[in-house]
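Structure first, commentary second.
The values are calculated or read from the model by the stated rules, or taken from the named source; none is laboratory data. Note that the structure is a prediction, hence the values are computed from the model and not measured. Virtual Cβ from ideal backbone geometry, glycine too; neighbours counted across all protein chains shown. We work out accessible area using only protein heavy atoms, side chains counted, and drop any ligands, DNA or RNA first. Shrake-Rupley method; radii C 1.70, N 1.55, O 1.52, S 1.80 Å.
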Amino acid sequence: MTIRELIPVLDARVLCGDDKLDQEVKTACGSDLMSDVLAFVKDKTVLITGLTNVHVMRTAEMLDIHCVVFARGKVPSEEILEEARELGIVVLATEHTTYTACGLMYVAGIRGTNERSGAHA
Amino acid sequence: MSLLTNTYDVHKGEFETAGDASASIKRKLKQLGVDSAVLRRVAVASYEAELNLIIHSLGGQLTMEMNPEHIVLISKDVGPGIADIDKAMQEGFSTASEEARVLGFGAGMGLPNMRRNADGFAIESQPGIGTTIQMEFRLK
């Protein structure tokens with residue numbers, strides 16, 4: 001699945017990264033806890049979160065997360081979107097809660113990862 | 001001998017700039033053509049170390065060294081030191097402040113995540129003196 005195909009699944013709108021929607025989505029992670037995101041995320045991951053601070057983008061940068069979905073109608077500040085643009089991260093927003101957004105993606109075939117990331121996963 | 005050494009000062013409580021050092025390290029290594037999977041492990045470990053310096057230490061330095069075989073990350077702080085390292089290495093054990101938790105950190109995953117991402121991991125700490133963590137990542 002591509003990020004573009006994910007948009008109708010989540011009833012999402014694109015906040016930035018219009019030109020990067022054809023990237024593949026392999027897996028997803030739903031969390032407001034960046035500590036956990038840092039421990040579990042793998043390649044080509046979509047992050048679904050309700051946390052709207054700049055550390056979300058920093059965490060995404062470290063992990064090569066290419067798409068962040070802000071759930072339950074939260075809209076990040078322009079500062080955060082500017083950071084996302086600089087980093088080339090696609091940002092989507094959905095009215096669905098994190099739980100529902102994760103469920104919709106799961107039904108659409110996107111699986112999560114239970115494996116830890118890292119050298120000794 | 002190191003081909004490249006970069007050292008960054010990391011200050012206690014400076015959440016605003018958290019990640020600056022790690023982002024700089026990641027960008028430099030990317031320019032040098034480091035494999036993306038290795039690069040991600042270095043970036044995660046570096047970010048965890050940087051966050052720990054901000055959340056827990058009285059201040060310190062993050063150093064990245066690169067030679068043809070390895071990338072080495074060293075986190076060295078000036079205290080307060082860790083009383084029980086075994087406990088600190090347990091997932092979920094955390095002494096992080098409310099401020100850190102509100103930002104999405106301080107879940108007690110940092111040290112174990114650093115160890116998991118690095119090919120080599122060593123930690124030394126002395127209460128009242130400080131903590132040094134050395135991590136090694138094989139390039140080949």
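Summary table
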item: Unmet criterion (only one of (1) over 18 Å from B:Ser22 (Cβ atoms); (2) touching a strand residue (DSSP E or B) at 6+ places or on another chain (Cβ under 7 Å)) for A:Ala60; result: (1)
item: Any chance A:Glu5 is within 14 Å of chain B (Cβ to nearest Cβ), part of a helix (DSSP H, G or I) and open to solvent by 10 Å² or more (accessible area, probe 1.4 Å); result: no
item: B:Lys28 being part of a strand (DSSP E or B) and either open to solvent by 40 Å² or more (accessible area, probe 1.4 Å) or not aromatic (Phe, Trp, Tyr) (or both); result: no
item: Given (1) surrounded by fewer than 22 Cβ atoms within 10 Å (Cβ to Cβ); (2) closer than 22 Å to B:Thr17 by Cα; (3) within 14 Å of chain B (Cβ to nearest Cβ), index of the condition A:Glu78 fails; result: (3)
item: Selection status of A:Leu51, assigned to a strand (DSSP E or B) and not hydroxyl-bearing (Ser, Thr, Tyr); result: no
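Here is a yes/no grid of residues against (1) within 14 Å of chain B (Cβ to nearest Cβ); (2) more than 12 Å from the chain's Cα centre (by Cα); (3) closer than 30 Å to B:Ala21 by Cα:
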site: A:Val25; (1), (2), (3): no, no, yes
site: A:Phe40; (1), (2), (3): yes, yes, yes
site: A:Val46; (1), (2), (3): no, no, yes
site: A:Val54; (1), (2), (3): yes, yes, yes
site: A:Glu83; (1), (2), (3): yes, yes, yes
site: A:Leu87; (1), (2), (3): yes, yes, yes
site: A:Glu95; (1), (2), (3): no, yes, no
site: A:Thr98; (1), (2), (3): yes, no, no
site: A:Cys102; (1), (2), (3): no, no, no
